[in-house]
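Next up is a structure, given as structure tokens.
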Amino acid sequence: ELNGRERFDDGWAEDDDPDAAPPALKTVVTDEYAKTILTRNASPDVPFNVSLNPYRGCEHGCIYCFARPTHSYLGLSPGLDFETRLFAKVNAPDLLRRELAKASYMPESIALGVNTDAYQPCERERGLTRRVLEVLHDCEHPVGLITKSSLIERDIDIIAAMAAKRQAMVAITLTTLDPAISRTLEPRAAAPARRLRTIRRLTDAGIPVGVSVAPVIPFVTEPELERVLEAAHAAGAVSAHYVVLRLPWEVNPLFQEWLQSHFPDRAQRVMNRVREMRGGKDYDSDFSKRMHGEGVWADLIRQRFVKATERLGIGRHGRRFENLDASRFKRPTVVPPVPTKQCGNATGQLDLFS
């Protein structure tokens, strides 16, 4: 199914330099009937155990996205296919309601939009994220959302009502304040200034908002670390988190190609610093190192982050996520019937990344 597009203020000016604009891409969104909707993990370096992703693939096109390799399991490319061949889990709200209704279900905070952005452009037409939020709101179930889209403002009514009961928090990813870098690094995400306005609007609605400074790219976005934190704090952010650039699997060659294209003068220097923080490798998936790296340079970034957050009085994401209230949870009173026929997508790989 091909989706049309409507006008939406993502913060990029109408008179932008046309040479700087991202290429026009035709996006195909395919309906998918997922078998399960909640993903559980035991990773010790993330502050949540349960996540929900209404979509596969992401139109934002962030070159550094760690989720890109998942498209390979669908027989698609982690490059352009990840950005243009998307899957919408149309039964996500019904699956969630059935999951929450199980007698064995124990409520704990759900992270919404972790693998791919739950507020990417196709959500404007699909509305799956809002319907998932409505289920969580009705059940008084805690949720944490992370996005780099101003579309989240559409759902302030639901999120603010949940936040008033300590059942919701939001993290806005802010990689850079430089629109020129953002335009190539994350080409179809909201402009940095627009994300700051989103932080302010959510904050003014009584929603606790954190900033995720991710990824920190040596010599590209890393020099801005303190300025990003200061800008987010001025906009109302009350917590912060950072992640050093991660280059798993197919993300590595894609990022290095981007680096050579846009920063050829410092590409080798960037990769040398990345390897210094990864024990001499391009990437280390060890849980104790993958988010923040290791060594002298990783420690310097950590110290800068700690000093800046302490000076600004900003807390940490994880603690706020853990403090969301699940004590009011109530099971759904109406549970959708299980479909008589399970439908998947054409790849035949639905069960691998549902």
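Counting DSSP beta bridges with both partners in the chain, what percentage is antiparallel, nearest 5?
Working: 6 of 33 bridges.
Given both bridge residues lie in the chain, the antiparallel proportion sits at roughly 20 percent.
With all protein chains present and a 1.4 Å probe, how do VAL132, VAL90 order by accessible area, largest first?
From most exposed to least exposed: VAL90, VAL132.
Here is a follow-up. Taking θ as phi - 60°, what are the ³J(HN,Hα) couplings along region 72-88 by the Karplus curve (6.51, -1.76, 1.60), each to the nearest whole Hz, with x for Gly and Pro?
Along region 72-88, the couplings run 4, 6, 9, x, 10, 7, x, x, 5, 4, 4, 8, 10, 10, 9, 10, 9 Hz.
Let me ask something else. Counting alpha carbon pairs within less than 8 Å and at least 6 residues apart, what relative contact order, in whole percent, applies to the chain? Mind dumping the intermediate values first?
On the way: 642 pairs, mean separation 78.9, N = 354.
Computed value for the chain: 22 percent relative contact order.
Rounded to the nearest 10 Å², what accessible area does TYR283 have for a 1.4 Å probe in the complete protein model?
The accessible area of TYR283 comes to roughly 40 Å².
In nm, what is the difference between 0.36 nm times the number of residues separating LYS35 and GLU108 and their Cα-Cα distance? Can you show the working numbers first?
Working: separation 73, 0.36 × 73 = 26.28 nm, distance 2.09 nm.
This chain segment gains 24.2 nm when fully extended.
State, as an integer percentage, the relative contact order of region 78-144 based on alpha-carbon contacts under 8 Å between residues 6 or more apart.
42
Which entries in LYS148/LYS307; LYS26/LYS281; LYS35/LYS330; LYS102/LYS165; LYS26/LYS148; LYS148/LYS289 show an alpha-carbon gap greater than 28 Å?
Values: LYS148/LYS307 25 Å; LYS26/LYS281 36 Å; LYS35/LYS330 23 Å; LYS102/LYS165 24 Å; LYS26/LYS148 21 Å; LYS148/LYS289 25 Å.
Cα-Cα > 28 Å for LYS26/LYS281; rest within.
Can I ask one more? Might you work out the accessible area of ARG328 for me, using a 1.4 Å probe with all protein chains in place, and round it to the nearest 10 Å²?
Surface open to solvent at ARG328 totals about 120 Å².
How would you order 157-166, 64-73 from highest to lowest mean count of nearby Cβ atoms within 10 Å?
My ranking of the peptides, most packed first, is 64-73, 157-166.
How far apart, in nm, are two points set 7 Å out from the Cα along the Cα-to-Cβ line at LEU300 and at ASP325?
Distance between label points: 4.6 nm.
A follow-up question, please. Not counting ligands, DNA or RNA, and with a 1.4 Å probe, what is LEU300's accessible surface area in Å² rounded to the nearest 10?
70
Now for a separate question. Taking 0.36 nm per residue of sequence separation and subtracting the Cα-Cα distance, how much length would be gained by fully extending the chain between VAL335 and LEU80, in nm to one decimal?
Full extension of this stretch gives 88.0 nm more.
Kindly sort TRP258, TRP297, TRP249 by accessible area of their heavy atoms, largest first, with the probe set to 1.4 Å.
Ranking TRP258, TRP297, TRP249 by accessible area, largest first, yields TRP249, TRP297, TRP258.
Given a Förster distance of 35 Å, report the FRET efficiency between ALA161 and ARG269 from their Cβ-Cβ distance, rounded to the nearest 0.05.
With R0 = 35 Å, the Cβ-Cβ based efficiency is 0.10.
For region 66-115, what is Rg from Cα atoms divided by 2.2 N^0.38 Å, rounded to two decimals?
1.51
Using helices alone, what [θ] at 222 nm do you get for the chain, with -39,500 (n - 2.57) per DSSP H run of 4 or more residues, divided over all residues and rounded to the nearest 500?
Estimated from H runs of four or more residues: -9500 deg cm²/dmol.
Hey, another quick one. Could you give P(r) for the chain, binned at 10 Å from zero, as whole percent values over all Cα-Cα pairs?
Going out from 0 Å in 10 Å bins, the chain shows 5, 25, 35, 26, 8, 1, 0 percent.
Between 0 and 90 degrees, rounded to the nearest ten: what's the tilt of helix 92-101 against the longest Cα principal axis of the chain?
Tilt relative to the chain: about 60 degrees.
Carbon and sulfur atoms: what percent of the 1.4 Å accessible area of the chain do they account for?
Carbon with sulfur: 52 percent of the solvent-accessible area.
Using amide H atoms built in the peptide plane, which far-off residues or other-chain residues are under 5 Å from LEU145 H to H?
LEU112, MET169, VAL170, ALA171
Moving on. Using the Kirkwood radius built from alpha carbon pairs, what does the Stokes-Einstein equation give as D for region 140-190 at 37 °C and 0.692 mPa s, in µm² per second?
266
The values are calculated or read from the model by the stated rules, or taken from the named source; none is laboratory data. Values in this document were obtained by computation on a predicted structure and should not be read as measured data. Please note: Cβ atoms are built from the backbone with ideal geometry, for glycine as well, and neighbour counts cover all protein chains shown. Side chains are part of the model used for accessible areas, which takes the heavy atoms of the whole protein and leaves out ligands, DNA and RNA. Shrake-Rupley method; radii C 1.70, N 1.55, O 1.52, S 1.80 Å.
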